[in-house]
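Single-structure report; data block below.
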Amino acid sequence: MSQDSAEPHPSDLKKLTPSLNMSTPGRPPSILNLDVLFDNPVFAGGIGLAGLGAAAAIARRSVIQGASLVKRRLLVDLEISKQDDSYQWILAWLSLPRPSGGVISSSLTRIHHLSMKTTSRAAANGPSHAHFFLQPGYGRHIVRHGNAFIQVNREKQSSANMSTGEPHETVTLTTLYAHRHVFEDIFAEAHQLAASAQEGKTIMYSSRGMDWVPFGDARRKRPLNSVILDEGIKERIVEDVKDFIGRQQWYVDRGIPYRRGYLLYGPPGSGKSSFIQALAGELDFGVSIINLSERGITDDKLAHLLRKLPPRTILLLEDADAAFRNRQQVDADGYSGGTVTFSGLLNALDGVAAGEERIAFLTTNHIERLDEALIRPGRVDMTVRIGEATRYQAAQMWDRFYGDIDVDGAGRERFLQKLEALGLVANASGERSGTFRTSTAAIQGLFLFNKGDMDGAVEMAEGLIPRKYEPEPSAADVGQRVPT
Ligand SMILES: Nc1ncnc2c1ncn2[C@@H]1O[C@H](COP(=O)(O)OP(=O)(O)OP(=O)(O)O)[C@@H](O)[C@H]1O
Ligand SMILES: [Mg+2]
């Protein structure tokens, strides 16, 4: 009985909801409420719009995905970063106007935004030279090469090179997949252009931060015969370097690091640096220069730079004695105060982490400050004194400057006799009448001052007597070890 009173009878429910049962018989009440919502025009319109929006978003996504799929299938792109050697070649290639229909048939169709790159270098006499070079600016450009259209996108990245602070840069070339082989052509042309621009030139590299960078334009190769060293010296060094270059396999077979070191020492202006530059030209090498007396060249930096020398370059370490002057400067923590130390130089030259392949030239004006440890084979294999001007050199230099006007050599004889009389050079039998010496740089200066004027040069020869004379060190010639 109690059950009956707790649960309502179905007939009672009927009584409670007469209106609902009339309109939608058998449906639960909640769904019936939604119908009411859908009947509401504002609600229905909102839902319709939302549906349309979702459909549009899906359609958009599929279009983007489809486009990127098509792009991936149809286009091919190539990214070149500024760190890569080819970066500058490609920019140079893009900047060059070329005859259409010629051997190089590419044409700059739509580069409207150019940027300027200027390199300038102080000339020895006269104003400095500047070289302007227009290159594609940042942004997108279209270039045509043969039948292919290529989109070029040059961009600065938000990240920067840690050592130089310069932002990273990339150039991206994009073309149709069907035209992908055009990249090989472009690289071949760009490389050929870069090579021909450097033909007959010597590229000089210097360090910037932890990197090597070419400084200035490549210089015209200095002919080896324009550097006049005493009899036989040049030939001995050139022969030794060429022999070394031809023996790489020999070193590899024996597991010896392929390295050779030369030390050129002597007074200022004797032609050490000029000879190394001319030698590099003769071998078709560049020169990577570090001046060891420069502040900021630390042991770590030196070791790092020597490990990543630009290929096919001669390493030139100027002022090698600087490292010896700094020998005491390492403190307890090994900090060298921003300069290279003696042990830093030795380690960079042949420590465990030293580069495997290298031709190094060291120069110094003060051989007496160097240590025997440096002149050990493996670090320095050949030591050569490039000394004050000799009679032989004075005669050779005369011929280079006045050979065409002094046909019978009488002017040369007068000049040499004057130098003998001044005690600056030995006479023909090797005797000297004085202790003065002069440099080849001073003789060159005298001849440059008296261009085309032999008599003037002879008259002014007194000017070759050095105002301040320091006796030459007694260490001898090619190959001799220097006593400590
Ligand atoms: N033997 C030489 N033959 C031809 N030119 C020379 C010679 N020596 C010096 N010169 C000329 O003198 C100038 C200075 O020469 P260079 O810089 O090569 O001397 P250096 O020995 O390296 O001097 P430093 O020890 O001061 O570095 C250059 O212009 C060079 O052309
Ligand atoms: Mg020098």
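The values are calculated or read from the model by the stated rules, or taken from the named source; none is laboratory data. None of the values given here were measured: they were computed from a predicted structure. No Cβ is skipped: glycine too gets one built from the backbone with ideal geometry, and neighbour counts run over all protein chains shown. Surface accessibility is based on the protein's heavy atoms, side chains included, excluding ligands, DNA and RNA. Shrake-Rupley method; radii C 1.70, N 1.55, O 1.52, S 1.80 Å.
Worth pointing out:
- Length gained on full extension, residue 224 to residue 38, computed as 0.36 nm times the residue gap minus the Cα-Cα distance: 57.3 nm.
- Members of 82/272; 242/308; 242/451; 201/418 lying beyond 30 Å, as alpha-carbon distances in this model show: 82/272; 242/451; 201/418
- Between the stretch 339-414 and the stretch 216-287, the Cα center-to-center distance that results, in Å: 10 Å
- Solvent-accessible area assigned to carbon and sulfur over the stretch 219-385 amounts to 46 percent, based on a 1.4 Å probe.
- Each other residue within a Cβ distance under 13 Å of residue 167 adds +1 if Lys or Arg and -1 if Asp or Glu, for a net charge of 0.
- With a Förster radius of 35 Å applied to the C-beta separation of residue 239 and residue 211, the computed FRET efficiency comes to 0.55.
- Cα→Cβ-extended label distance, 7 Å offset, between residue 371 and residue 49, nm: 8.4 nm
- For the stretch 171-185, backbone nitrogen atoms closer than 19 Å to the point 7 Å from residue 147 Cα along Cα-to-C-beta are found at 174-185.
- Packing rank of 42-52, 413-423, where each peptide gets the mean count of other beta carbons within 10 Å, highest leading: 413-423, 42-52
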